[in-house]
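Here, each number is a calculation from the coordinates, and none is a lab measurement. Keep in mind that what you see is a predicted model, and the values were worked out from it rather than measured. A quick note on method: Cβ atoms are made from the backbone with ideal geometry, for glycine too, and the neighbour counts reach across all protein chains shown.
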Amino acid sequence: MKGKSKLIVAGLLIVAAVAYLIVTSTGSTAHYFLTIEEVLAMGEDAGDRSLTVSGAVLGQTIDYDPSQPRVTFTIVQVPGDPKEVEKAGGLAKVLHDAVNDPDAPRMDVVYDDVKPDLLKHESQAIIRGLMGEDGRFRAEEVLLKCPTRYDEDVPGQAEES
């Protein structure tokens with residue numbers, strides 16, 4: 001009986017530990033990325049932790065120095081809520097409207113690596129890194145999506161089947 005109760009207590013401790021890990025990790029990953037407005041609202045607190053930020057790439061700001069390698073560019077505010085994006089006409093329209101809005105919040109990005117192929121005007125950039133003291137975001141990782149690349153019509157043979 002004594003051995004059985006030890007086994008039950010050990011099992012309960014394991015279940016409690018797993019539940020704790022699930023709850024704490026879900027809370028930190030529930031919000032996939034921040035908007036530029038949210039990061040700017042954080043002020044100096046933004047520099048204290050690693051952040052994931054999304055925005056539309058402003059093409060004319062892309063500057064690549066292959067000798068370092070280093071690429072700098074600016075991203076523009078886009079809605080963080082997928083429902084808002086759909087309501088506004090889809091991702092391609094939201095990105096297009098964002099880069100053409102001179103009053104939209106912007107953030108300069110520095111990425112010390114080779115220039116990604118998809119880094120183009122009106123691409124969606126999801127960047128991970130730290131906010132620098134100079135107000136420029138120091139990206140450690142850059143994920144890009146060019147919505148026009150995926151908005152093509154379905155090939156004819158797929159429609160027929």
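Quick notes
- Counting beta carbons within 10 Å around each of Ile75, Ile62 and listing the fewest first gives the order Ile62, Ile75.
- Mean Cβ neighbour count within 10 Å, used as a protection proxy, ranking 3-11, 84-92 highest first: 84-92, 3-11
- The range 51-93, dipole about Cα centre (Lys/Arg Cβ +1, Asp/Glu Cβ -1), debye to the nearest 20: 100 debye
- Using only the C-alpha atoms, the convex hull of the range 50-147 corresponds to 90 Å³ per residue.
- With neighbours defined as other Cβ atoms within 10 Å of a residue's Cβ, the residues Ser67, Ser54 order from fewest to most as Ser67, Ser54.
- Around Lys87: net Lys/Arg minus Asp/Glu count, Cβ-Cβ under 13 Å: -2
- Annotation: the residues Asp108, Asp81, sorted from fewest to most other C-beta atoms within 10 Å of their own C-beta, follow the order Asp81, Asp108.
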